[in-house]
Ligand code: PMP
């Protein structure tokens with residue numbers, strides 16, 4: 001059992017007041033809050049070892065390089081990647097997806113197909129559209145049903161030898177649906193396609209095992225799992241990463257440069273041009289340690305309890321509809337109240353100290369599917385409580401009365 005009050009004391013922001021009211025932070029899907037160990041580690045890096053990495057022979061540069069590489073190894077262990085050089089530091093999920101899409105630009109031909117799911121965040125749609133425009137490949141969409149689940153029988157039908165890459169999120173940010181990625185990975189491989197898993201919304205809740213999954217790429221952001229913004233990991237199978245050209249040219253990614261010809265560094269440095277977010281990369285390791293100390297079994301237990309409780313309590317409200325009703329979902333509730341714009345509810349409950357996300361959640365196709373402008377999204381983390389859910393439900397009821 002988690003001692004939630006003890007855990008909450010790790011997060012200084014949670015004891016703040018917002019608009020004169022104690023903060024209830026239910027926008028964890030957008031970004032998680034940071035524990036004091038993470039905040040302290042950022043200061044410690046700048047106070048004690050700040051230097052550029054992989055460059056100087058001087059002591060600080062070596063300390064910073066070692067810390068950065070230790071963090072890479074923590075990420076490798078965390079996701080169970082086979083090789084350290086398959087783990088690339090990025091600025092986040094968006095960067096990782098763009099890097100992979102760029103890699104396929106030199107591989108795809110007109111007539112090839114890219115499969116994306118109907119449940120994707122814009123950052124897992126737009127780079128593939130850009131890729132298709134560039135290469136003449138065709139984008140195909142795996143459809144969803146009313147519960148916000150992918151229609152897997154349609155996925156099976158869409159797959160063919162023309163499919164070169166499939167891309168799907170592990171967990172939907174807008175609805176919380178957990179997708180059957182192991183099945184999807186195996187099926188993609190049966191037709192010889194590669195598959196990328198967008199793990200942005202999964203890593204705050206679970207520990208992915210990329211070898212057991214056998215996915216070709218797995219991407220995520222650090223800031224959604226207690227780490228700093230501007231950090232992320234792209235896991236890619238060695239064979240794919242070796243096949244791809246570099247994404248950006250610059251310092252650190254080369255073996256030798258002359259004006260006639262440049263040769264590139266080996267993995268992972270081939271994809272890490274320029275000075276990276278050194279502090280962020282190091283502290284991502286601190287965040288990974290923190291999450292593992294809390295324990296993902298404990299995290300899931302607490303979050304599922306919150307999800308059940310909040311679902312029950314919200315459904316007390318007349319005219320409230322929840323979008324995303326799969327049995328397999330994480331601690332995200334997307335909802336609307338009949339006749340009221342989600343933005344209006346969000347604005348009123350913010351005045352009562354409650355932070356939720358309102359809008360299309362960077363997933364406009366999902367909103368179009370349901371024919372709505374957006375939803376109110378409450379996304380819970382292990383540090384949230386049932387009392388906070390009660391406060392949100394009371395606030396939503398108040399807003400409903402004011403707006404009716
Ligand atoms: N994919 C999903 C499923 C997401 O939820 C997000 C962030 N909301 C992203 C991609 C993009 O992540 P980032 O903005 O950290 O690059």
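According to the square roots a ≥ b ≥ c of the eigenvalues of the Cα gyration tensor, what is the shape class of segment 166-257, taking rounded for a/c under 1.5, prolate for a/b larger than b/c otherwise, and oblate for the remainder?
Numbers: a/c = 2.57, a/b = 1.26, b/c = 2.04.
In terms of gyration-tensor shape, oblate.
When the scattering of the chain is computed by the Debye formula from its Cα atoms alone, each counted once and equally, what is log10 I(q)/I(0) at q = 0.09, 0.11, 0.15 Å⁻¹?
At q = 0.09, 0.11, 0.15 Å⁻¹ the computed log10 ratios are -0.57, -0.84, -1.38.
Using a ≥ b ≥ c from the Cα gyration tensor of segment 126-192 (square roots of the eigenvalues), is it rounded, prolate or oblate, where a/c under 1.5 gives rounded and otherwise the larger of a/b and b/c decides, a/b for prolate?
Oblate is the answer for segment 126-192, as a/c is 1.5 or above yet b/c matches or exceeds a/b.
How many angstrom lie between the C-alpha centres of segment 278-293 and segment 4-67?
Taking the Cα centre of each part, segment 278-293 and segment 4-67 sit 9 Å apart.
Helix 278-294 against the longest principal axis of the chain: what's the angle in degrees, Cα atoms only, rounded to the nearest 10?
Helix 278-294 sits at roughly 50 degrees to that axis.
Compute the long axis of helix 126-135 from its Cα atoms, compare it with the longest principal axis of the Cα atoms of the chain, and write down the angle in degrees, 0 to 90, nearest 10.
Helix 126-135 sits at roughly 40 degrees to that axis.
Quick check: Cα centre of segment 338-364 to Cα centre of segment 143-202, how many Å?
A separation of 29 Å, based on Cα centres.
With both bridge residues required to lie in segment 163-225, what share of the DSSP beta bridges run antiparallel, to the nearest 5%?
Antiparallel bridges make up about 10 percent of those DSSP assigns within segment 163-225.
Please tell me the relative contact order of the chain in percent, rounded to the nearest whole number, where contacts are Cα pairs under 8 Å and at least six residues apart. Intermediate values should be presented prior to the final figure.
Details: 791 pairs, mean separation 90.0, N = 404.
Reported relative contact order: 22 percent.
Just check segment 229-280 against the gyration tensor rule for me: Cα atoms, a ≥ b ≥ c as the square roots of the eigenvalues, rounded for a/c under 1.5, and otherwise prolate or oblate depending on whether a/b exceeds b/c.
oblate
Taking the Cα-to-Cβ direction at residue 297 and at residue 48 and moving 7 Å from each Cα, how far apart do the two end points lie in nm?
Each label point lies 7 Å from its Cα, and together they span 3.2 nm.
Just to confirm the number: angle between the C-alpha axis of helix 181-190 and the first principal axis of the chain, 0 to 90 degrees, nearest 10?
Value to nearest ten degrees: 40.
With a cut-off of 8 Å between alpha carbons and a minimum separation of six or more residues, what is the relative contact order of segment 267-400 in percent?
RCO, segment 267-400: 26 percent.
When only Cα pairs under 8 Å and 6 or more residues apart are kept, what is the percent relative contact order across segment 1-113?
11 percent.
For the chain, what does the helix formula give at 222 nm: sum of -39500 (n - 2.57) over DSSP H segments with n ≥ 4, over the residue count, nearest 500 deg cm²/dmol?
Value at 222 nm, helices only: -11500 deg cm²/dmol.
Distance from the Cα centre of segment 369-392 to that of segment 257-276, in angstrom?
Going from one Cα centre to the other spans 44 Å.
How much of the DSSP bridge set in the chain is antiparallel, in percent, rounded to the nearest 5?
Values: 28 of 48 bridges.
Of those bridges, close to 60 percent are antiparallel.
No value in this document is a laboratory result; all are computed from the given coordinates. Note that the structure is predicted; figures quoted are calculated from it, not measured. Positions of Cβ are generated from backbone atoms using ideal geometry, with glycine treated the same way; all protein chains shown enter the neighbour counts.
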